[in-house]
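One structure below.
Computed from the coordinates by the stated procedures, all read-outs in this text should not be read as laboratory data. This one's a predicted model, so the numbers in the text were calculated from it and none came from an experiment. Virtual Cβ from ideal backbone geometry, glycine too; neighbours counted across all protein chains shown.
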Amino acid sequence: MDQVNRVVIAGAGIGGLCAALALAKQGVEVVVCEQAARLGEVGAGLQISPNALKVLRQLGLESELSQFVFNPQYAAIRDYKTGEYYLKSPLGKQAEARYGAPYWHLHRADLHQVLAEACTQVGVEMVLNATAAGYRENTELKQVYLLLEDGREFGADLLIGADGIRSKIREQMLGQERPTFMGQVAWRGVIPVSDLNIDIKPDACVWVGPGRHFVSYYLRGGDCVNFVAVEERSDWLSESWREEGDVEELKRAFADWHPEVSELIKSASSTFLWALNGRAELPMWSKGRAVLLGDACHPMLPFMAQGAAMAIEDGYVLAKYLSRCALDDALLKYEQSRKPRATKIQQMSKANAGLYHMHGGGLGKMKLKALQAAGRFVPNVIQSKLDAVYGYDVTKGCSLF
Ligand SMILES: Cc1cc2nc3c(=O)[nH]c(=O)nc-3n(C[C@H](O)[C@H](O)[C@H](O)COP(=O)(O)OP(=O)(O)OC[C@H]3O[C@@H](n4cnc5c(N)ncnc54)[C@H](O)[C@@H]3O)c2cc1C
């Protein structure tokens with residue numbers, strides 16, 4: 001196979017847009033087909049760790065994004081009832097010095113908008129109301145065609161499936177298989193600070209309790225607070241993976257938690273409820289002229305806050321190899337470099353469910369106490385666990401532009 005001059009991408013999420021921008025900046029012609037009628041993201045926050053920020057920096061977006069961010073001072077794990085700290089690990093300036101980039105909180109809509117505008121500026125063609133149904137390849141012409149539900153086709157040298165956890169591109173490549181419900185649901189919401197009756201600390205805070213946890217952090221320079229409330233459930237009856245949540249049910253579920261949680265939730269006027277789904281490791285990430293990235297190939301529980309970060313890294317690495325190697329070699333190198341990392345972080349995210357939900361009763365509590373002791377007496381042990389995640393730099397020695 002040969003060089004790639006034109007790429008079609010299914011899905012204008014964070015992963016699809018990062019790949020589009022990295023490719024277009026290198027002179028590749030890019031078309032992005034998005035099912036939604038308009039570009040945008042649901043109202044919720046994202047923790048953008050230094051590893052992802054290094055990519056956004058290389059893409060030239062750091063300064064534009066900096067006006068929307070909140071810089072947390074600590075990553076904290078606290079007890080759901082007493083508020084006791086099991087972990088308080090520095091972020092802010094210390095994380096920036098250690099990892100070479102800051103740790104940011106961003107509203108998804110802000111990140112998405114900055115990415116979309118940057119894509120448009122470098123000539124990426126955005127096609128909306130464009131729902132991917134599958135693809136076909138013409139080996140003689142060395143072309144792949146993205147097939148839309150409405151019958152339109154978009155030809156290119158390469159198709160990128162960035163169409164999320166229910167990817168149609170993955171389905172055609174590897175067969176029909178629904179994502180697996182991971183036994184957890186998440187309520188998400190954003191509350192303006194002006195509506196709060198309580199002070200929230202400027203930390204990325206995980207409140208841990210039996211069978212549940214609660215995450216809170218500021219967004220937009222401290223103007224609002226994002227929350228994610230996760231609860232274990234044995235089943236998910238709805239066909240949808242995301243729906244309007246019942247705020248009263250959320251309030252009841254966390255009513256006996258520490259006031260910083262229960263009072264915060266009292267100010268919520270609306271919420272979305274998500275089923276948390278996953279997939280087993282895929283046997284391959286590409287076939288012929290189609291390749292997957294982000295949640296389309298490695299969806300993960302959000303308990304390391306790394307799903308979007310992995311999609312961002314994927315887009316950059318794919319663009320890097322496509323700019324340096326012939327297509328088949330590039331796809332091989334992309335999978336070889338990304339799969340071990342994404343799989344490892346999928347596993348770490350899953351393991352955090354046990355810690356955050358105090359699995360094992362007394363044993364669960366003991367693990368948290370051990371974490372507390374480690375944080376106090378050998379803080380480097382905690383940080384070195386995160387070094388491999390946050391210290392990673394896919395742009396190192398590889399400025400694409
Ligand atoms: C509760 C929760 C909290 C999270 N918090 C964090 C966090 O703090 N930090 C972090 O890094 N990650 C976090 N994540 C994970 C992150 O949201 C995802 O991993 C990330 O959005 C994946 O990006 P993506 O572009 O691969 O897929 P998506 O964001 O799912 O985007 C896919 C895009 O494709 C479009 N699409 C879908 N099907 C089609 C089709 N057939 N045709 C055309 N278009 C299609 C969709 O409309 C969408 O625009 C969290 C996730 C959850 C559930």
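Counted by Cβ distance under 12 Å from residue 161, the other residues give a net charge of +1, where Lys and Arg count +1 and Asp and Glu count -1.
For the residue pairs 25/339; 88/369; 287/344; 88/201; 142/168; 320/350, the C-alpha atoms sit more than 18 angstrom apart in 25/339; 287/344; 142/168; 320/350.
Across 341, 289, 252, mean-square fluctuation computed from a Gaussian network of the chain (C-alpha pairs under 10 Å connected) peaks at 252. Note on the chain: GNM, Cα springs under 10 Å; of 373, 268, 95, the largest mean-square fluctuation is that of 373. At q = 0.15, 0.17, 0.21 Å⁻¹ the log10 of I(q)/I(0) for region 339-401 amounts to -0.63, -0.75, -0.97, computed by Debye summation with a single uniform scatterer per C-alpha, solvent ignored. Among 200, 169, sorting on how many other beta-carbon atoms sit within 10 Å of each Cβ, with the fewest leading, yields 200, 169. Taking every alpha-carbon pair under 8 Å whose residues sit at least 6 apart, region 202-353 reaches a relative contact order of 14 percent. Here the spin labels are modelled as points 7 Å beyond Cα on the Cα-Cβ line, and at residue 381 and residue 153 they lie 6.0 nm apart. Within region 180-274, the ratio Rg/Rh, alpha carbon atoms throughout and Rh by Kirkwood, equals 0.96. Cross-link partners of residue 385 among aspartates and glutamates, defined as those whose alpha carbon lies under 20 angstrom from its own and excluding same-chain residues fewer than eight positions apart: 96, 203, 313, 393. Could you give the angle, 0 to 90 degrees to the nearest 10, between helix 327-356's Cα long axis and the longest principal axis of the Cα atoms of the chain? Once rounded, one gets 20 degrees. Only helices enter this figure: runs of n ≥ 4 DSSP H residues, each worth -39500 (n - 2.57), summed and divided by the residues of the chain, yield -11000 deg cm²/dmol at 222 nm to the nearest 500.
Placing +1 on each Lys and Arg Cβ and -1 on each Asp and Glu Cβ, with no other charges, gives the chain a dipole about its Cα centre of roughly 1360 debye. Our summary gives the chain a relative contact order of 23 percent, counting only alpha carbon pairs under 8 angstrom and 6 or more residues apart.
If you run the Gaussian network model on the chain, springs between alpha carbon atoms under 10 Å, then out of 18, 325, 205 the most flexible one is 325. Convert 37 °C to kelvin, take the viscosity as 0.692 mPa s, use the Kirkwood radius over C-alpha pairs of region 86-125 as Rh, and evaluate the Stokes-Einstein diffusion coefficient in µm²/s, rounded to a whole number. After rounding, the answer is 261 µm²/s. Considering only the chain, what is the antiparallel percent among its DSSP beta bridges, to the nearest 5? Taking every DSSP beta bridge with both residues in the chain, the antiparallel ones total about 75 percent. At q = 0.08, 0.10, 0.13 Å⁻¹, what log₁₀ I(q)/I(0) does the chain have when each alpha carbon counts as one equal point scatterer in the Debye sum? Calculated log10 I(q)/I(0) at the listed q: -0.42, -0.66, -1.10. Relative contact order for region 180-274: 38 percent, from Cα pairs under 8 Å spaced at least 6 residues apart, divided by residue count.
At an R0 of 22 angstrom, the distance between the Cβ atoms of residue 369 and residue 232 translates into a FRET efficiency of 0.50.
If one computes P(r) from the Cα atoms of region 191-233, what percent of pairs lie at distances over 16 Å? Everything past 16 Å amounts to 39 percent. Considering only the Cα atoms of region 1-152, their convex hull presents on average a projected area of 12.4 nm². Rounded to the nearest Hz, the phi-derived 3J(HN,Hα) couplings of region 369-375 under the Karplus curve 6.51 cos²θ - 1.76 cosθ + 1.60 (θ = phi - 60°) are 5, 5, 4, 4, 5, 4, x, where x marks glycine and proline. Can you find, among 105, 122, 303, the residue farthest towards the positive end of the dipole of the chain? Put +1 on the C-beta of Lys and Arg, -1 on that of Asp and Glu. Of the candidates, 303 comes out farthest on the positive side. Please report Rg over Rh for region 272-401, where both radii come from the alpha carbon positions and Rh follows the Kirkwood definition. Rg/Rh for region 272-401 comes to 1.05. Other residues lying with their Cβ under 11 Å from the Cβ of residue 193 contribute a combined charge of -2, Lys and Arg counting +1, Asp and Glu -1.
Among residues other than residue 183 whose Cβ falls under 14 Å from its Cβ, what is the net charge (Lys/Arg +1, Asp/Glu -1)? Summing Lys/Arg as +1 and Asp/Glu as -1 gives 0.
Segment residue 178..residue 199, full-extension length gain: 3.4 nm, with 0.36 nm per residue of separation and the alpha-carbon distance subtracted.
What is the Cα centroid distance between region 45-103 and region 274-346, reported in whole angstrom? Between the Cα centres of region 45-103 and region 274-346 lies a distance of 23 Å. A Förster radius of 22 Å, combined with the Cβ-Cβ distance separating residue 98 from residue 350, puts the computed FRET efficiency at roughly 0.30.
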